[in-house]
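Below: the structure, in structure tokens.
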Amino acid sequence: MSSPMTPGIAAARLPQEMLAENFDDLHAPYAPHEAAVAADRCYFCHDAPCVTACPTDIDIPLFIRQISTGTPESAAKTIFDQNILGGMCARVCPTEDLCEQACVRELAEGKPVEIGRLQRHATDTLMAKQRHPYDRAPETGKKIAVVGAGPAGLACAHRLAMHGHDVTIYDAEAKAGGLNEFGIAAYKSTDDFAAREVDWLMGIGGIEIKPGMRLGDDLTMESLTHCFDAVFLGVGLGGVNALRADGEDKGGVRDAVDFIKDLRQTDDLTALPVGRDVVVIGGGMTAVDAAVQSKLLGAQNVTIAYRRGRDAMSASEYEQDLAASKGVRLMFNAQPVAIHGNGAVREIELEYTSDNGTGLKGTGETIRLAADQVFKAIGQMLTTDGGLNLEGRKIAVTGAGRTSQAGVWAGGDCASGGDDLTVTAVAEGRDAAMDIHATLMGST
């Protein structure tokens, strides 16, 4: 077996038992008594700011009151009415920047009601019953294609199926789930929860998933619009931006999203190779997930290098603190200029940056860090637009996801507007489904 000191990129840096402990659930689920105590801290505000802060508009005081009265299944139904992926969102949503930040307890005491953990308690309780809480409406005869089986596509498909439409989901991957399955740190979604959530969601009926089908390669907008009454695109962002640094093509340099995907899909963490000296370029959640998991796999030195200051990082302060607590070094105002090594990376050269109000500029001062593995996590880009109009680098939408082509809607990361968050994607998929339903049934 190798060790954290082994040079280069190596597997089995830590024993299996330690890896299992490292990748255990980040937050242990509440026991019923713990959930009751946590729920009692809620003021049950009439005009609750936490609801306004939730992109899916969950009635948070209501579901917490339902937990406090001993009916967590009813609480889950309140959550699922607005967010059918409430189980995953309870695990990955940046509640510290959304509902919990808006909590009155946070303002008064600096400690909010733990809304995310309470939501997980409720949704897990109901899902464990293995019964889907919704019944389909009578079949309408309408058929809708959903391209992309990520959060937006799944939320859209479920709401459409619930209203009696037949839905076919196409996805480029072999498994459904999108970023929930392939792009989120393993310690946030343990016990194959993403796949189990998809199976549970499919319990509504009326949905067929066809994997290995990619828009532009296997599917065309022309064929989809010809064969279906409506089309929803939730294709996400499939490409990764380039570093634009000399030596980017050297061995040991790879996309962080691919690394996370490999980690999420492996059955044996000891078989996953990781460098001794790892540098992650970026400032978002993907950067933090890649860095923390590198450390948990046994990398000796892990650094996140971000070209701007801490306040500009898109990763939340909580995520930044989590990375630091795991031993990840956070380096700010540093951008890559060159990657050095004979065929494979051995060092990365970073230039310090500054911004005096006229834009970010390099200072000319550089520093070199030892690196045998470099992960790129500097944002993703749209790889297929279906020939639709764009706004910036995303599909342009108006209202509840209407695109430039009649009969075609879009939502999630691939569409303009909104944050690139799981919970936002769910809201956009849900709202698009309601607009599609109203359009097909002649009420708009």
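The values are calculated or read from the model by the stated rules, or taken from the named source; none is laboratory data. Keep in mind the model is a prediction, meaning the values are calculated, not measured. Positions of Cβ are generated from backbone atoms using ideal geometry, with glycine treated the same way; all protein chains shown enter the neighbour counts. SASA here: full protein model, heavy atoms, side chains in, ligands and nucleic acids out. Shrake-Rupley method; radii C 1.70, N 1.55, O 1.52, S 1.80 Å.
So the values come out like this:
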quantity: Inter-part distance where the range 167-194 and the range 4-40 are each reduced to a Cα centre, Å; calculated: 20 Å
quantity: For the range 50-98 versus the range 358-436, the gap between their alpha-carbon centres in whole angstrom; calculated: 25 Å
quantity: Rounded to the nearest 10 Å², the accessible area of Leu440 at probe 1.4 Å; calculated: 40 Å²
quantity: Order of exposure, largest accessible area first, which applies to Phe63, Phe44 with probe 1.4 Å; calculated: Phe44, Phe63
quantity: Helical segments meeting 20 Å axial Cα length and Kyte-Doolittle 0.0 threshold in the chain (DSSP H); calculated: 422-440
quantity: DSSP-defined beta bridges in the chain - what % are antiparallel, rounded to 5; calculated: 40 percent
quantity: Relative contact order for the range 371-412, counting Cα pairs under 8 Å that sit 6 or more residues apart, in percent; calculated: 23 percent
quantity: Distance cut-off 13 Å, percentage of C-alpha pairs in the range 220-281 lying past it; calculated: 76 percent
quantity: Sequence of His340, His33, His158 from largest to smallest accessible area, 1.4 Å probe; calculated: His33, His340, His158
quantity: Exposure rank, largest accessible area first [Tyr187, Tyr43; 1.4 Å]; calculated: Tyr43, Tyr187
quantity: Cα-based Rg and Dmax for the range 280-332, where Dmax is the largest Cα-Cα distance (Å); calculated: 9.7, 29
quantity: Compactness index (Cα Rg / 2.2 N^0.38 Å), the chain; calculated: 1.01
quantity: Assigned charges on the beta-carbon of Lys, Arg, Asp, Glu; the range 1-155 dipole about Cα centre (debye); calculated: 500 debye
quantity: The chain - accessible surface per residue (Å², probe 1.4 Å); calculated: 43 Å²
quantity: Calculated diffusion of the range 1-73, Stokes-Einstein form, Kirkwood radius summed over Cα pairs, 25 °C and 0.890 mPa s, µm²/s; calculated: 153 µm²/s
quantity: Accessible area of the chain belonging to carbon and sulfur atoms, whole % at 1.4 Å probe; calculated: 48 percent
quantity: Relative contact order %, the chain, counting alpha carbon pairs below 8 Å whose residues are six or more apart; calculated: 18 percent
quantity: Farthest toward positive dipole pole in the chain [+1 Lys/Arg, -1 Asp/Glu at C-beta], among Leu237, Gln101, Ile67; calculated: Leu237
quantity: Helix-only mean residue ellipticity at 222 nm for the chain, each DSSP H run of n ≥ 4 adding -39500 (n - 2.57), per residue, nearest 500; calculated: -9500 deg cm²/dmol
